[in-house]
Amino acid sequence: PVPVLLDCDPGHDDAVAILLALGSPDIRLLGITSCFGNCAVEDATRNAQRVLALAGREDVPVAVGAAGPMRGELALGNYVHGISGLDGPELPEPTVAPVEETAVQFLARTLDESPEPVTVVVTGPMTNLGHLLTERPDLTEKIRELIFMGGSTERGNHTPTAEFNTYADPEALDVVLRSGVLLRMVGLNLTHQALATPAVVARMSEMPHEVGRTCAAWMGFFGDSYHRIWEFDAPPVHDPCTIAPLLDPDVIGWRDCFVAVELDGTWTRGTTVVDLHDRYPDEEANVQVALDLDAERYWDLVLAALDHLGAP
Ligand code: BDR
Ligand code: CA
């Protein structure tokens, strides 16, 4: 199995990403680190723990991460994910405390101790990784690749041009983009192909266990937000799109591109600039950018993992 560290801000789609990782025997989840984002970091931590409790996997360590960005103002996504950051169905409360190390300490130690390079997945703001690679640039050698949900080749969601995760901490993303780590970016242009249609939600709710039914209820809350704010008919389930390609290399098509993030800009702070057509020939490609999703394969992977976790 691929060793994975998951840094996240759960969040309905982060929660599904956690379940996809836990329910896939080809992945060994070494730990979860939390970050502010969809909600305050305390809530994101608790939500990660509640998802682990739902899955019966409280053996996976959780470390508390950043409460705010490296620079600039705090942005939170409660307007999408509710007061708790994971509103909707009731969840079991955690019975295990987070580890005493901070997220950055936990990530550094886990990478230091790993005999093999580790895949790092980030589905929230890039803050924890920004701090880690600033303090310990040598650790790039221990990261097999870093795959993140953020940005877009097209337009944004939190602002007209900036996606939420990249808006929430552009400086941290900038550190990572310049770090030399093998990077894969899964932006809105890709995740808007990952829609939880009524047919997908029905497959979840018909599962004979709590894991499937809980996911269906999450999609209900998340879908209502997406309908109210962005007029979507079905919610895009962004974050598991970072895990799926670790399980099936053909689920996403990629292109090597130069990617930068706008740190200033009167209206465009946090916007990713993706050079799809080599308009900056002097800039080397630094990111594999996700372009096409095979949605059928994607949902088959997600639903199989939920069933694997939920079935007795
Ligand atoms: C991203 O922001 C959050 O709302 C989601 O969890 C996802 O990571 C989408 O812009
Ligand atoms: Ca997220």
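Under a 5 Å amide H to amide H cut-off, with H placed in plane at 1.01 Å, what residues pair with T33 once short-range neighbours are removed? Amide H neighbours of T33, under 5 Å, 5+ apart: L6, D7, C8, A63. Max-minus-min Cα coordinates of the chain on each principal axis give 55, 44, 37 Å, with the largest extent listed first. Close amide H pairs (under 5 Å, H built 1.01 Å from N) link V289 with M185, R255, D256, C257, residues at least 5 positions away or on another chain.
Here the Karplus curve 6.51 cos²θ - 1.76 cosθ + 1.60, taken at θ = phi - 60°, turns the phi angles of the stretch 74-89 into couplings of 6, 10, 10, x, 4, 5, 9, 9, x, 4, 7, x, 8, 6, x, x Hz, with x standing for Gly and Pro. Is the C-alpha gyration tensor of the stretch 268-312 telling us rounded, prolate or oblate? Criteria: a/c under 1.5 is rounded; beyond that, a/b larger than b/c is prolate, otherwise oblate. Taking the square roots of the gyration eigenvalues as a ≥ b ≥ c, the stretch 268-312 is prolate.
Sorted fewest first by neighbouring Cβ atoms within 10 angstrom, T153, T123 come out as T153, T123. The amide H of R144, built 1.01 Å from its N in the peptide plane, has V118, T119, V120 as neighbours under 5 Å, considering only residues 5 or more places off or on other chains. Compute the relative contact order of the chain as a whole-number percentage, counting only Cα pairs closer than 8 Å that sit 6 or more residues apart in sequence. Here the relative contact order equals 20 percent.
Answer rounded, prolate or oblate for the stretch 221-312, using the Cα gyration tensor with square roots of eigenvalues a ≥ b ≥ c: rounded when a/c is under 1.5, else prolate when a/b is larger than b/c, else oblate. Oblate, because a/c is 1.5 or more while a/b does not exceed b/c. Gain on full extension, evaluated as 0.36 nm per residue between D112 and E42 minus their Cα-Cα distance, stands at 22.6 nm.
Projecting the Cα atoms of P69, V16, T272 onto the charge dipole of the chain, computed from C-beta unit charges around the Cα centre, puts V16 farthest toward the positive end.
Which of the three applies to the stretch 1-152, rounded, prolate or oblate, going by the alpha-carbon gyration tensor with a ≥ b ≥ c and a/c under 1.5 meaning rounded? It is oblate, given that a/c is not under 1.5 and a/b is not larger than b/c.
Every number here is computed from the coordinates shown, using simple stated rules; none is lab data. Computed from a prediction, not measured in an experiment: that's the story for all the values here. Every residue, glycine among them, receives a Cβ derived from its backbone with ideal geometry; neighbour counts consider all protein chains shown.
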